[in-house]
1. Being in contact with a Phe, Trp or Tyr (Cβ under 6 Å, 6 or more places away or on another chain), surrounded by 24 or more Cβ atoms within 10 Å (Cβ to Cβ) and assigned to a loop (DSSP other than H, G, I, E, B), is that true of even one residue in the stretch 193-207?
2. Counting only residues that are surrounded by 23 or more Cβ atoms within 10 Å (Cβ to Cβ), of a type in the set (A, V, I, L, M, F, W, C) and closer than 22 Å to residue 443 by Cα, how many does the stretch 372-422 have?
3. Quickly run through the stretch 238-296 and pick out the residues that are polar (S, T, N, Q) and touching a Leu at 6+ places or on another chain (Cβ under 8 Å).
4. For the stretch 575-588, what are the residues that are closer than 17 Å to residue 373 by Cα and out of contact with any Pro (no Cβ under 8 Å at 6 or more places or on another chain)?
5. Out of the residues in the stretch 139-167 meeting the condition of being among the hydrophobic types (A, V, I, L, M, F, W, C) and either outside the structural domain of residue 463 (by TED's automatic domain parsing) or more than 19 Å from the chain's Cα centre (by Cα) (or both), tell me which one is surrounded by the most Cβ atoms within 10 Å (Cβ to Cβ).
6. Could you say whether any residue in the stretch 282-304 is outside the structural domain of residue 719 (by TED's automatic domain parsing), of a type in the set (D, E, K, R) and crowded, with 20+ Cβ neighbours inside 10 Å?
7. Conditions: (1) touching a residue at least 60 places away in the same chain (Cβ under 8 Å); (2) more than 30 Å from residue 367 (Cβ to Cβ); (3) surrounded by 23 or more Cβ atoms within 10 Å (Cβ to Cβ). Residue 50 meets all but one. Number of the miss?
8. Taking into account only those residues within the stretch 427-441 that are over 20 Å from the mean Cα position of the chain (by Cα) and part of a loop (DSSP other than H, G, I, E, B), which is surrounded by the fewest Cβ atoms within 10 Å (Cβ to Cβ)?
Amino acid sequence: MGTIDRIAEPWGTRTPYGTGEPWPVRVDTRLDDGLTEADVDAWFQSATILHSNGDGLDIAVKDGRIVGVRGRATDRVNHGRLGPKDLFGYQANNSADRLTSPLVRRDGRLVETGWETAMSMVADRTEELLKERGPSSIGFYTTGQLFLEEYYTLALIAHGGIGTNHVDGNTRLCTATAAAALKESFGSDGQPGSYTDVDHADVIALYGHNVAETQTVLWSRILDRLAGPNPPRILCVDPRRTPVAEAATVHLAPRPGTNVALMNALLHEIVANDWVDHAYVDQHAVGFDELAKQVASCDVDWAAEICDVPADDLRAAARLLGQAERLLSTVLQGFYQSHQATAAAVQVNNVNLLRGMLGKPGCGILQMNGQPTAQNTRECGADGDLPGFRNWANDEQVKDLARVWNVEPAQIPHYSEPTHLMQMMRYVEDGSIRFLYVSGTNPAVSLPELGRIRDVLSQERLFLVVQDIFLSETAQLADVVLPAATWGEKTGTFTNADRTVHLSEKAVDPPGQARPDLDIFLDYARRLDLRDKDGEPLVTWSDPEGAFEGWKACSAGRPCDYSGLTYSKLRGGSGIQWPCNDEHPDGTERIYVDGEFWSAPSYCESYGKDLVTGAPVEPVEYKAMNPDGKAVIKAAEYLPPHEPPSAEFPYLLTTGRTLYHFHTRTKTGRVPQLQAAAPDVWIEMSAEDSAVHGWDEGDLLRVSTARGGVEARLRVSGIRRSTLFLPFHYGYWDTPGGSGPAERGRAANELTITDWDPCSKQPLFKSAAARVERISVADGPSRAPTTTASRPVAGASVPETRGGAAAAVLERLE
């Protein structure tokens, strides 16, 4: 037992273990200064809320206030470990600038009011628009941070009650491509792999997935394997020299926007060297011949030219994949937010399919999520899809959902695929959407081309409702602001990236008049007097457990089957992976065992799309192609990015994340330890490029695209040449809740393009042509973290990122 600075050491102390051995327990505990575990009045079960890993934890309460957290030793996800955002993030709950009463706009200003006034305004405007313009004038945009029960209630209200097709979550910005890629290959969403595959794999391939910063505890698990006997070999695909790249056997740093070319070359090598499990492919998949034909000419020399990656490195990477005995593949934003996003992610699935590496220990795919409840957004239909992974193009599945909700099938919009967020913004822009209800997200910082977004959200004819815990940049534009409760202040369930369901118990009351999101949605439904076809209330529950029971009935028999779960079963012990039902009463560690997929034409969630145009595949075409419900090996042609570099804009700009912040910093920017570790935006450039310009660490630069400019201090890092990186977390304030805007533009999304992947409709944040100029010479180094991918190049004189006594965390090894 001992303490450790977990800002300086983000992944904590190593506990090595070998292949097939259980991951050792290490319990991390952080309490407010001066407190010990003996001082805590009570502990409440929960899980982490600032990333998608789903680490089990307990919340410490003293005198009605959250005072700390402790990792759950029994939890299958983390075995007691917590990451920096887990350990320090709870302090945001206690911020003095929490929203505590509803606000409404009067004479151009937001003023405090009561719930009756605020909710009456919201409901009255909804009813007016339904009478005047119909359901398509109403839109809902939610988050990846609410609870399952809240998403399902919202989906029922929007789809089954109001009848609008304009529903989406900010998972559209984050991991819509994960869902799209899984649907293309397997006919349904749902992660094939499990975190326990790390314990067995001999090769772990991470594609655009800086797991060291986005899922710190999962990286701790990989680090412990690397420190033990028979460590796995690592393949890293990332244009930056991340901690993952530092640990990799092979690191590929491709030119942004060329991921499909890179993947096709790897598949070319696998096919050419006959590293293919033909028996598995013949029995369990369709499409191999088309793939082989597509990649036949995509050799490593071809890809090396396009990707600007050494051909020998591509051969070495292909050898790792082709000769692996147990291959775990993971994917995240480096593929999802880049050109040809779905096509590239599907090719990762193809690698595991060709190798026959699914459904066995160490053999899996994790098309990762970025947010804590992104999986629930998709399962419950709050991203616009139909709840329970139902297929909007399958009339029988729509009828089945109508049966569950006791409404007529025609009430559920299924005339086309759901409206994705960027299209919703266009509908707001042209005036067809007049009411937008935003819950738990901050599009005024997170969406591309922010100048346009601010104009769209500020339209006089738009009635904007924002439900949040802080007065975010988006909330400042609203007509009505509804103060919400957050994690630790309400009860509900949420599901992580490997299908593990956790229960989060209410530990304290929310501040002031703030209410749980579920209570707000129920109030909204009551005021609209939404009814089923028998005239009874459409929403039949009044509390979280009732909503969970409603969801169980909706999910029964579908891939994401929760019917065997209860709140009682989730209390104590560990989270449980779905599907959990009579057949799998203890949950399901891996899906697609023995080639059993959810892709039968009558059952699948999607018939797929054309990877180039995004046009939906017709049911008849899908049935002819895959009558027996096998996996689909889907080929993709490489196409050049839409905005290549030019003489005016010679660099490629990519945006991303840092370990110490989450989303737009509405929470983490209010946490002293996290804010101090990464207090301001920075711009990364390679040593080669900075030397050409004669620029040094800490110089103030201006990076520009055709859409705007951002000023930031230079960090000379291990990023590939001709490429720039900006973290996207930073908005208009020097600190969240500050008294005014920052002195200089620093929101990365001022620069990003309004463009999206044709299949997943995920915006392309990593594909902008840019130029850069120096404004002034350094008066000190950039304040970017030194512990992460933003570490300075060797020799740079930069103070190391440390948290000191304020970042001390107790570790207990068992």
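The values are calculated or read from the model by the stated rules, or taken from the named source; none is laboratory data. None of these values were measured; they are calculated from a predicted model. Cβ placement follows ideal geometry from the backbone for every residue including glycine, while neighbour counts extend to all protein chains displayed.
1. No, there is no match, as no residue in the stretch 193-207 is in contact with a Phe, Trp or Tyr (Cβ under 6 Å, 6 or more places away or on another chain), surrounded by 24 or more Cβ atoms within 10 Å (Cβ to Cβ) and assigned to a loop (DSSP other than H, G, I, E, B).
2. The number of residues fulfilling the criteria is 4.
3. Matches in the stretch 238-296: 249 only.
4. Restricting attention to the stretch 575-588, the residues satisfying the condition of being closer than 17 Å to residue 373 by Cα are 575-579.
Scanning the stretch 575-588 gives 575, 576, 577, 578.
5. Restricting attention to the stretch 139-167, the residues satisfying the condition of being among the hydrophobic types (A, V, I, L, M, F, W, C) are 140, 146-148, 154-158, 162, 167.
Imposing the further condition that a residue be either outside the structural domain of residue 463 (by TED's automatic domain parsing) or more than 19 Å from the chain's Cα centre (by Cα) (or both) reduces the set to 154-158, 162.
On the way: 154: 27, 155: 27, 156: 30, 157: 22, 158: 25, 162: 25.
Of everything passing the filter in the stretch 139-167, 156 is surrounded by the most Cβ atoms within 10 Å (Cβ to Cβ).
6. So in the stretch 282-304, the residues outside the structural domain of residue 719 (by TED's automatic domain parsing) come out as 282-304.
From the residues that got through so far, the ones that are of a type in the set (D, E, K, R) too are 282, 289-290, 293, 299, 301.
Next cut, crowded, with 20+ Cβ neighbours inside 10 Å only: none.
The answer is no, given that none of the residues of the stretch 282-304 is outside the structural domain of residue 719 (by TED's automatic domain parsing), of a type in the set (D, E, K, R) and crowded, with 20+ Cβ neighbours inside 10 Å.
7. Going through (1) touching a residue at least 60 places away in the same chain (Cβ under 8 Å); (2) more than 30 Å from residue 367 (Cβ to Cβ); (3) surrounded by 23 or more Cβ atoms within 10 Å (Cβ to Cβ) one by one, residue 50 breaks only (2).
8. Let us first name the residues in the stretch 427-441 that are over 20 Å from the mean Cα position of the chain (by Cα), namely 427-437.
From what is left, the residues that are part of a loop (DSSP other than H, G, I, E, B) are 431-434.
On the way: 431: 12, 432: 14, 433: 26, 434: 20.
Taking the candidates together, the pick is 431.
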